[in-house]
Amino acid sequence: MEHHLVLRVVAKLLIPMILIFALYVQFHGDYGPGGGFQAGVIFASAFILYSLIFGIENARSVISFNLLRILSALGLLLYLGVGISALIFGGNFLDYNVLASNPLSGQHIGILLIELGVGLTVAAVMTMTFFVFSRP
């Protein structure tokens, strides 16, 4: 794909905007439609676009398979950690009200952390799936 200059230039312009939009969806998810799953898919689509335009080997040098494994596990641990911390503070599993002194603040913190965990896991697993299917 070295000779596709237009695709490379357009991808260099689009990928940062895709990542910024994914961040918007991630952090706006507790106020409206969207959240972790959608943001994770958008993040993964940016890496997949990079892989398709610049080559799979370049993409693997940017983000390794082992890093993707760590990120997917980290997202799951963050999700579980929020649930277990709610249990420790005397609530039910994923009862965000007990995470702060004010129940509304607890809800906001809990949703934000849960959505972040889901977003990390989805982005990592989607990118790993693409990498596995793109092996020669």
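The values are calculated or read from the model by the stated rules, or taken from the named source; none is laboratory data. Just so it is clear, the model here is predicted, and its values are computed rather than measured. Every residue, glycine as well, gets a Cβ built from its backbone with ideal geometry; the counts of neighbours run over all protein chains shown.
Filtered by the rule that a residue be touching a Phe, Trp or Tyr at 6+ places or on another chain (Cβ under 9 Å) and closer than 26 Å to residue 129 by Cα, the range 65-115 gives 65, 68, 112, 113, 114, 115. In the range 2-35, of all residues being at pLDDT 90 or above and among the small types (Gly, Ala, Ser), the one that is farthest from the chain's Cα centre (by Cα) corresponds to 11.
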